[in-house]
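Shown next, in structure tokens, is the structure this report addresses.
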Amino acid sequence: MSQFKVLKIKLYQPHAHYRIPFTYRRKHTYPIPPYSTVIGLLCNILGITNYEKKEEPCSNQDCDCDYHKLKDIKISIAGTFESKTTEYTWIRNLSKESHNSRFGSEESRSVSGHVEHPGGQIPNLIDILNDVYLWIYMYHEDKDFLDKIRDSFENPSKRIYPLHLGRAEDWFLINEIKYVDVEVGDVGGNFGRFFWIPRELYVCPESEFKKEFKFEKVGGILYKVPTFYKLINGLRNFSYVEAKLNDGEISLVNLDMELYFDQEEKLPIFLAKL
């Protein structure tokens, strides 16, 4: 059976929140991080940043820098969590309109004889995942670049911020990081993990499927998942890929298709072309 190697990173997070866009009064979370969140982590550990606030960290054509290499990476994300809680908190709005609505004028900071912080505030609910376990797989045609990513996790000397995944306070522990062989198999079942299953699945020339991957036949909720972004007028303008959020139930009965597998974990791998 033909094989190829990918970099596997197993992470544990005591708490995490992977924000679903356009949720405000109650901030919902994905059960596993989207591709953009993992890309942000990789940019952090590799020291890739956009100090000059251009569209992208590097605008050169046919460049061999880490940023352009990163844009060619293929990523698979799987994970699970033990429980979910909802935190009640306050979100502060520092606009003049909110301040004046609360205090009556720009000069005042007192309400009913009590001095408060400036601006207005509203109650907010935030969904939090507890005891999160993640399996992240990465493939790149340039193995030296994968080696650099592995070394950067083990010795994050170029990191820009403390290592986190999700919010700045969502730190993680590395349970394992190593190369593993990927095999082709046709075993389905309930794998007990959430997966992103991309429409544009990467098929490695070293280990091609003999049977066609049928995205439409695989179960899950269809999303447009963010990947990389460009700065347009100071705002992040994301690119998206179509992917299904699958809850672990993958039946291959009568589908006549194959999947990539990490046989050590007994886990399918869905490498997305980003």
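A few comments on the model shown:
- Note on segment 68-81: residues that are open to solvent by less than 10 Å² (accessible area, probe 1.4 Å) and closer than 12 Å to PHE145 by Cα amount to 2.
- Filtered by the rule that a residue be farther than 30 Å from GLU52 by Cα, touching a Pro at 6+ places or on another chain (Cβ under 9 Å) and not small (Gly, Ala, Ser), segment 235-272 gives GLU242, LYS244, LEU245, ASP247, ILE250, LEU259, TYR260, PHE261, ASP262, PHE270, LEU271.
- Index of the failed condition, CYS65 passing every other in (1) in contact with a strand residue (DSSP E or B) (Cβ under 7 Å, 6 or more places away or on another chain); (2) open to solvent by less than 70 Å² (accessible area, probe 1.4 Å): (1)
- Only a single item in (1) open to solvent by 50 Å² or more (accessible area, probe 1.4 Å); (2) assigned to a loop (DSSP other than H, G, I, E, B); (3) touching a strand residue (DSSP E or B) at 6+ places or on another chain (Cβ under 6 Å); (4) not hydrophobic (A, V, I, L, M, F, W, C) is not met by ARG159, and it is number (3).
- The one condition in (1) out of contact with any Pro (no Cβ under 8 Å at 6 or more places or on another chain); (2) closer than 30 Å to TYR30 by Cβ that ASN100 fails to fulfil: (2)
- Look at segment 74-96: where a residue is within 17 Å of TYR18 (Cβ to Cβ) and modelled with pLDDT of 95 or more and a partner is of a type in the set (S, T, N, Q) and part of a strand (DSSP E or B), sitting 6+ places away or on another chain with Cβ atoms under 8 Å, you get PHE81/ASN130; GLU82/ASN130; SER83/ASN130; LYS84/THR29; LYS84/ASN130; THR85/ASN130.
- Subset tally (residues that are open to solvent by less than 30 Å² (accessible area, probe 1.4 Å), touching a helix residue (DSSP H, G or I) at 6+ places or on another chain (Cβ under 7 Å) and within 30 Å of TYR202 (Cα to Cα)) for segment 90-149: 5
- In segment 86-144, the residue that is farthest from TRP196 (Cα to Cα) out of those that are in a helix (DSSP H, G or I) and of a type outside the set (Asp, Glu) is PHE103.
- So ILE174, is it part of a strand (DSSP E or B), β-branched (Val, Ile, Thr) and surrounded by fewer than 18 Cβ atoms within 10 Å (Cβ to Cβ): yes
- Residue check, THR23 assigned to a loop (DSSP other than H, G, I, E, B), of a type in the set (S, T, N, Q) and in contact with a helix residue (DSSP H, G or I) (Cβ under 9 Å, 6 or more places away or on another chain): no
- Qualifying positions in segment 181-200 - crowded, with 20+ Cβ neighbours inside 10 Å and either modelled with pLDDT under 95 or among the β-branched types (Val, Ile, Thr) (or both): VAL182, ILE197
- When ASP144 is tested against (1) in contact (Cβ under 8 Å) with a residue 12 or more places away in the chain; (2) farther than 19 Å from THR29 by Cβ, only condition (1) is not met.
- Counted residues, segment 1-57 - those being among the acidic types (Asp, Glu) and open to solvent by 50 Å² or more (accessible area, probe 1.4 Å): 2
- Among the residues listed as LEU245, LEU231, the single one being farther than 19 Å from ILE75 by Cβ and part of a strand (DSSP E or B): LEU231
- Considered as a group, the residues in segment 225-264 that are of a type in the set (Asp, Glu) and under 23 Å from TYR30 (Cα atoms) include one that is surrounded by the most Cβ atoms within 10 Å (Cβ to Cβ), and that residue is ASP247.
- Hits in segment 212-224 (condition: closer than 19 Å to TYR260 by Cβ, open to solvent by 60 Å² or more (accessible area, probe 1.4 Å) and either in a strand (DSSP E or B) or out of contact with any Leu (no Cβ under 9 Å at 6 or more places or on another chain) (or both)): GLU212, GLU216
The values are calculated or read from the model by the stated rules, or taken from the named source; none is laboratory data. As the structure is a prediction and not an experimental result, all values here were calculated from the model. With ideal geometry, Cβ positions are generated from the backbone for all residues, glycine too; neighbour counts draw on all protein chains shown. For the accessible areas, the whole protein counts, side chains as well, though only heavy atoms, and no ligand, DNA or RNA atoms are used. Shrake-Rupley method; radii C 1.70, N 1.55, O 1.52, S 1.80 Å.
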